[in-house]
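A short reminder: the numbers here are calculations on the coordinates, not readings from a lab. Remember, it's a predicted structure, so these values are computed and weren't measured experimentally. Glycine gets a Cβ as well: all are built from the backbone with ideal geometry, and neighbour counts include every protein chain shown.
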Amino acid sequence: MNFTGRDILSTEDLSREDILQILKVSARMEKLVRAKRIAPLLADRLVAVIFLEPSTRTRLSFETAIQRLGARPVTVADPKSSSAAKGESLTDTARTVEGYVDCIVIRQPETGGARRVADAVAVPVINGGDGSGQHPTQALLDLYTIVKERGSLEGLTVAMVGDLKYGRTVHSLSYALAPFSPKYVYCSPTELAMPEAVTRDVRARGIPVEETTDIRAALARADIVYMTRIQRERFEDPAQYERLKGSYILNRKLVEQGKAGLTVMHPLPRVDEIAEEVDALPGAAYFRQAHNGVFLRMALLAMVLGKA
Ligand code: NCD
C-alpha cells in the first residue's frame with residue numbers, strides 16, 4: 001500500500017496491512033534514532049504544526065520527528081497567536097498554510113475538523129486530535145507500544161477506563177486494534193460511556209464488547225488496562241465534571257489484583273487516574289508509550305511524503 005499523499009485522519013480508514021506497514025517503518029525509525037543517526041529523508045521539506053488546543057507530547061514529538069528526519073517545522077503552538085483568534089475559519093487558515101508547506105499536522109477542537117481541512121487542501125494532512133473525535137497517531141503509537149511490551153497485537157483483552165465519551169484516544173484505539181482479534185471491556189461512569197457509534201462499529205466487526213462501571217470487574221480479565229483522563233475541557237456543565245472527576249484511580253493494589261503481567265497504559269497527561277506508586281511497576285508502560293510517539297510520527301511523516 002502506497003501512503004504517498006495520503007491523509008491520516010482516523011483509524012477507521014486503516015486496514016490491517018496499513019497498520020502493520022506503519023509499525024514496520026516505525027521500528028526502522030527507532031533503530032535510526034537509537035543509533036543516533038539523523039536520516040535526512042525529508043531534507044528541505046517543511047511541515048506545518050498547527051495546534052489550536054493545548055498539547056505537550058503530540059506537538060513536541062511531531063516537532064522532534066520532523067527535525068530527526070531533517071525537515072523543519074513551522075509551528076502554531078498557541079491559538080491566541082493565530083488568526084483563528086481573529087475569527088478566521090479553519091479552512092481559510094488551512095488553504096493559506098498549504099501554500100507554505102509540504103504537509104500539515106493539525107490539532108483543533110472541532111470533531112471532524114481535520115477532515116474538513118484535508119478536503120480543503122492538496123497537501124497531506126495528519127490529524128493530531130479533533131475535539132472528542134479521533135487521535136489516530138496516538139492509537140498507532142499505542143499499538144507500537146503494545147507490540148514492544150507484549151510481543152504481539154493478537155487476541156488481547158483491553159480494558160479502557162475513564163472518559164470514553166469525550167476521550168478521542170480510546171475511540172481511535174478501538175478501531176486501530178480491531179483487525180487483531182481483541183476483546184474490549186469499556187469501563188466508565190454511565191454518563192461517560194463509549195459513543196454508541198463506536199460500540200456498534202466494533203461489535204459489527206465481531207469484537208466482543210463488555211461494558212461496566214466497575215474497574216475491578218474490568219481488571220479481572222484484562223491483559224492491558226488503558227486509563228484515560230476525564231476530559232474536563234469538553235464538559236458543558238462544570239458541575240458534572242466535579243461530580244465525575246476522580247471516578248477511577250488505579251493504584252498498586254488494584255494492579256496486583258489483576259492478571260499477572262498486566263500492562264498499564266495512558267496517553268497522558270494524567271491528573272489523578274493512576275497513583276504515582278504504580279509508576280515503578282514493571283507493567284507501567286505510559287512513559288515508554290510517550291517516547292514511542294517520536295518513532296511512529298517519523299514513520300507517518302516519511303510515508304505520507306513518499307520518502308519511507
Ligand atoms: C490525549 C489527547 O490530547 O487526546 N493526550 C495526548 O495527545 N497524549 C489525552 C488527553 O488529553 O487526555
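Go ahead and run the numbers for FRET between Lys24 and Arg243, Cβ-Cβ distance against an R0 of 41 Å, rounding to 0.05.
Computed FRET efficiency for Lys24 and Arg243 comes out at 0.35.
Just rank Ser15, Ser247, fewest to most, by other beta-carbon atoms within 10 angstrom.
Ordered from fewest to most neighbouring Cβ atoms within 10 Å, Ser15, Ser247 come out as Ser15, Ser247.
Anything over 22 Å Cα to Cα? Flag those among Lys165/Lys253; Lys86/Lys165; Lys24/Lys148; Lys31/Lys307, in the order listed.
Cα-Cα > 22 Å for Lys165/Lys253; Lys86/Lys165; rest within.
Just want the ordering: His291, His266, from fewest to most Cβ atoms lying within 10 Å of their own Cβ.
The fewest-first ordering by Cβ neighbours comes to His291, His266.
Just tell me which lysines come within less than 17 Å, Cα to Cα, of Lys183; anything on the same chain fewer than 8 places away is out.
Straight-line reach from Lys183, under 17 Å: Lys259.
Short version: ³J(HN,Hα) in whole Hz for each residue of the range 150-157, in order, from phi by Karplus 6.51 cos²θ - 1.76 cosθ + 1.60 (θ = phi - 60°), x for Gly and Pro, what are they?
3J(HN,Hα) across the range 150-157, in whole Hz: 10, x, 7, 9, 7, x, 8, 9.
With springs only between Cα atoms under 10 Å apart, run a GNM on the chain and tell me which of Lys148, Lys86, Lys165 wobbles the most.
With Cα springs under 10 Å in the chain, the top fluctuation among Lys148, Lys86, Lys165 is at Lys86.
Report the FRET efficiency, 1/(1 + (r/R0)^6), for Glu191 and Asp13, where r is their Cβ-Cβ distance and R0 is 25 Å, rounded to 0.05.
Using R0 = 25 Å, I get an efficiency of 0.25.
At q = 0.15 Å⁻¹, what log₁₀ I(q)/I(0) does the chain have when each alpha carbon counts as one equal point scatterer in the Debye sum?
-1.20
Tell me, what ³J(HN,Hα) does each residue in the range 297-305 have, in order and in whole Hz, if you take phi through Karplus 6.51 cos²θ - 1.76 cosθ + 1.60 with θ = phi - 60° and put x for Gly and Pro?
6, 4, 4, 4, 4, 4, 5, 5, 8
Among Tyr248, Tyr286, Tyr241, Tyr184, which comes first, second and so on when ranked by fewest other beta-carbon atoms within 10 Å?
Result, fewest neighbours first: Tyr241, Tyr286, Tyr248, Tyr184.
From the backbone phi of the range 217-225, what are the Karplus-calculated ³J(HN,Hα) couplings (6.51 cos²θ - 1.76 cosθ + 1.60, θ = phi - 60°) in whole Hz, Gly and Pro given as x?
Taking θ as phi minus 60°, the curve returns 4, 5, 6, 4, 10, 7, 8, 10, 10 Hz for the range 217-225.
How big is the Rg/Rh ratio for the range 1-56, C-alpha atoms only, Rh by Kirkwood, two decimals?
We get a ratio of 1.01 for the range 1-56.
Please report, to one decimal in angstroms, the Kirkwood hydrodynamic radius of the range 136-289 built from all distinct Cα-Cα pairs.
Result for the range 136-289, one decimal place: 15.3 Å.
What is the P(r) of the range 142-221, as percent of Cα-Cα pairs per 5 Å bin from 0?
3, 16, 27, 26, 19, 6, 1
Normalised by the residues of the range 146-255, what does the relative contact order come to in percent, with Cα pairs under 8 Å and at least six apart?
Dividing the mean separation by the residue count of the range 146-255 yields 33 percent.
Considering only Pro182, Pro136, Pro40, give the residue with the highest GNM mean-square fluctuation for the chain, with springs between Cα atoms whenever their separation is below 10 Å.
Taking springs between Cα atoms under 10 Å, the residue moving most is Pro40.
For the range 87-174, run through the chymotrypsin sites (Phe, Trp or Tyr not before Pro) and keep only the ones in DSSP coil with at most 15 other Cβ atoms within 10 Å of their Cβ.
The qualifying sites are Tyr100.
Starting from the amide H of Ala284, placed 1.01 Å from N in the peptide plane, find each other amide H under 5 Å away whose residue is 5 or more places distant or on another chain.
The list, which skips near neighbours in sequence, is Val264.
Assuming R0 = 35 Å, what is the FRET efficiency of Val271 and Ala204, from their Cβ-Cβ distance, to the nearest 0.05?
Once the sixth-power term is evaluated, E becomes 0.55.
If N is the number of residues in the range 225-308, what value comes out of its Cα radius of gyration divided by 2.2 N^0.38 Å?
Taking N as the residue count of the range 225-308, the ratio is 1.39.
Of the GluC sites (Glu not before Pro) in the range 228-301, which ones lie in a loop per DSSP and count no more than 12 other C-beta atoms within 10 Å?
Glu236
Residues with amide H under 5 Å of Lys183's amide H, sequence separation 5 or more or different chain, H placed in the peptide plane at 1.01 Å from N; which?
Amide H neighbours of Lys183: Leu156, Thr157, Val158.
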